[in-house]
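Have a look at this one.
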Amino acid sequence: MTLSLQEVKHIAELARLELGEAELEHYREQLSRILEYAQRLQEVDTSSIQPTSSVLPARSVLRDDIPKPGLGLETLMQNAPNQEGGQFKVPPILDMERE
């Protein structure tokens, strides 16, 4: 599929790109080649391949989820500059009082 210069200008406008005439021709050739390759890929018969198939073995790169005891409240609150009732106390960010 070969793109016209008008189509490339439209794409450039959508992408908010200002292209010169030489750049338009250069991108017209490149985008046309990309679309031609995509068309070739559409011709490959994939009807016998499951959508979730992969050539790679199924494995997780994440560590095993092993439950561990968390920090105790005393340890957690040890460095809190201001606390109340076992919770961090922070100054309000909005003043909701009206005059």
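What follows draws every value from the coordinates through simple rules; no lab data is involved. Keep in mind that this is a model prediction, so the values were computed, not measured. Here Cβ is always computed from backbone atoms with ideal geometry, including for glycine, and neighbour counts include all displayed protein chains.
State which residue is nearest to the chain's Cα centre (by Cα) when the search covers only the stretch 50-86 and only residues that are without any contact (Cβ under 8 Å) to a residue 12 or more places away in the chain and surrounded by 10 or more Cβ atoms within 10 Å (Cβ to Cβ).
Selected residue: Leu76.
Further question: If Ala38 meets every condition in (1) without any contact (Cβ under 8 Å) to a residue 24 or more places away in the chain; (2) over 27 Å from the mean Cα position of the chain (by Cα); (3) under 29 Å from Met1 (Cβ atoms); (4) part of a helix (DSSP H, G or I) apart from one, which number is that one?
(2)
Still on this structure, I have one more. Given the conditions (1) surrounded by 10 or more Cβ atoms within 10 Å (Cβ to Cβ); (2) part of a loop (DSSP other than H, G, I, E, B), which single one is not true for Val8?
(2)
I've got another one for you. Of everything in the stretch 43-97, what is in contact with a helix residue (DSSP H, G or I) (Cβ under 9 Å, 6 or more places away or on another chain) and assigned to a loop (DSSP other than H, G, I, E, B)? Give them in sequence order.
Residues satisfying the conditions are Gly70, Gly86.
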